[in-house]
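> Quick one: the structure is below, questions incoming.
The numbers here are math on the coordinates, done by the rules we state, and not lab data. The structure presented is a predicted model; accordingly, all values stated were derived computationally and were not measured. Quick reminder, even Gly has a Cβ in these numbers, built from the backbone with ideal geometry, and neighbours come from all protein chains shown.
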Amino acid sequence: MDTVVRRPVAFVAAIVLFVEAVGIVLINGILATVVKNQTMSLAGMDPAVMSNGTWAMGGFFGLYLLLCGLFLLLAGIRDRAPGRFARIVLIVCAVVHAVLGALTVGLVGWAAFASMMVVLGLIVLTLVAYGTRPDGPADEPADEPADGAGAGAPAPV
């Protein structure tokens with residue numbers, strides 16, 4: 001895929017993940033505040049523990065989405081495929097979006113499903129557009145011909 005397409009897709013995917021990270025933290029913050037203010041408990045759990053757990057989960061997932069967005073932003077700036085670790089993190093992010101998208105159809109509705117699938121599509125398109133990253137000298141073409149006739153070697157008969 002040409003640079004004209006893959007760089008903007010990587011930038012758009014990074015921006016979408018940054019916005020999604022902020023949204024996830026805000027939603028979890030609202031949920032944590034509601035649980036704390038209403039003194040809700042689940043099976044006798046302390047409301048403060050549930051509130052703190054919700055904040056921690058929102059913060060962790062927000063940082064994870066920021067990391068994924070950073071990997072996509074770096075891929076777009078450098079115009080190179082992400083490294084092995086970054087590709088694994090982005091693939092896991094895509095799988096999470098696919099699973100959450102499937103769950104949101106029944107719980108939230110088709111609009112939420114569509115937004116999750118757009119994010120999934122942007123991540124997958126970026127990964128496919130950049131392909132695999134060359135690992136080093138083994139991928140470079142050799143200067144000598146394939147038949148073994150290099151400098152100083154006799155020509156094949």
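> For the stretch 55-62, in order, what is each residue's ³J(HN,Hα) by Karplus, 6.51 cos²θ - 1.76 cosθ + 1.60 with θ = phi - 60°, in whole Hz (x at glycine and Pro)?
4, 5, 5, x, x, 5, 5, x
> Still on this structure, I have one more. For the stretch 1-73, calculate the relative contact order in percent as a whole number, restricting contacts to Cα pairs under 8 Å that are 6 or more residues apart. Intermediate values should be presented prior to the final figure.
On the way: 67 pairs, mean separation 35.3, N = 73.
Computed value for the stretch 1-73: 48 percent relative contact order.
> Any chance you could run the full-extension gain for VAL12 through MET57? It's 0.36 nm times the residue separation minus the Cα-Cα distance, nm to one decimal.
Numbers: separation 45, 0.36 × 45 = 16.20 nm, distance 2.54 nm.
Fully extending the segment from VAL12 to MET57 adds 13.7 nm.
> Between PHE85 and LEU67, what length in nm is gained on full extension when 0.36 nm per residue of separation is reduced by their alpha carbon distance?
Working: separation 18, 0.36 × 18 = 6.48 nm, distance 1.15 nm.
The PHE85-LEU67 span can extend by a further 5.3 nm.
> Provide the FRET efficiency to the nearest 0.05 for the LYS36-VAL108 pair, computing r from the beta carbons and using R0 = 25 Å. Display every interim value, and only then the final one.
Details: r = 24 Å, r/R0 = 0.95.
After rounding, the FRET efficiency stands at 0.55.
> Moving on. For the stretch 94-110, what does the Karplus curve 6.51 cos²θ - 1.76 cosθ + 1.60, with θ = phi - 60°, yield as ³J(HN,Hα) per residue in whole Hz, taken in order and with x for Gly and Pro?
Running phi through 6.51 cos²θ - 1.76 cosθ + 1.60 with θ = phi - 60° gives 5, 5, 4, 5, 5, 5, 5, x, 5, 6, 6, 4, x, 8, 10, x, 6 Hz.
> Moving to a separate point now. I want to make sure I understand the PRE zone here: with the label point 7 angstrom from the Cα of ALA48 toward its beta carbon, which residues in the stretch 22-40 have backbone N atoms less than 17 Å away?
32-40
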